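Contents: one structure, followed by commentary.
Every number here is computed from the coordinates shown, using simple stated rules; none is lab data. Not measured: the values here are computed from a predicted model. Glycine gets a Cβ as well: all are built from the backbone with ideal geometry, and neighbour counts include every protein chain shown.
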Amino acid sequence: MTTTSMTIGTLAKRGGTHVETIRYYQRRGLVAVPEKPYGGIRRYDEAALARLHFIRSAQWLGFSLDEICELLKLDDGTHCDEARALAEHKLDDVRRKIAGLRQMELTLDNLVERCRCSEDPQQCPIIHSLQGNPDSPAEGVREGVLAGVQR
């Protein structure tokens, strides 16, 4: 296989994505649109495949497409400080989300346990809490979780 022998379908298959995803990335400026020869079809090279792998790896780490665009501007490898700053910001975001998930876990654990121990079949503690009842012991925790999720 030569370096410019991939159709968009082959690129999509090798990149583990869909043709429409590649076209979307092209519209966003993340993947270049190769020249189309007269009467022919566009051909993609290994650099396009490497770009797809970069995008997918960055997405797996939680970077948005806008953030990936910023990272791609630094892809020559000489902007380590800027790339590190973007990664540190993403790491902070991930840690905040993990803290929020832990709080959600504690709240759900508390609600499930209250439901197990409830002796009033007419008053489900889970439903009662989700309805925003201010008398619910889980209400303060629930509000904290919601605030963390909305950040």
Self-check item: 15 Å beta-carbon shell around Val33, net charge (K/R +1, D/E -1)
Solution: +4
Quiz item: Under 5 Å between amide H atoms, partner at least 5 residues away or on a different chain: which partners does Met6 have, H built in plane at 1.01 Å?
Solution: Tyr44
Self-check item: Surrounding net charge for Phe63, when Lys and Arg each add one and Asp and Glu each subtract one, Cβ distance under 12 Å
Solution: -2
Practice problem: Could you pull out the GluC sites (Glu not before Pro) across the stretch 36-126 that fall in loop regions by DSSP (anything but H, G, I, E, B) with no more than 15 other Cβ atoms inside 10 Å? | Solution: Glu119
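Starting from 0.36 nm per residue, how many nanometres of slack lie between Leu106 and Glu88 once their C-alpha separation is accounted for?
Working: separation 18, 0.36 × 18 = 6.48 nm, distance 2.70 nm.
This chain segment gains 3.8 nm when fully extended.
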Practice problem: Sorted from largest down, give the three principal axis spans of the alpha carbons of the stretch 8-72, whole angstrom values. | Solution: 40, 20, 19
Self-check item: Proximal lysines relative to Lys90, as straight alpha-carbon distance under 25 Å, when same-chain residues fewer than 8 apart are discounted
Solution: Lys73
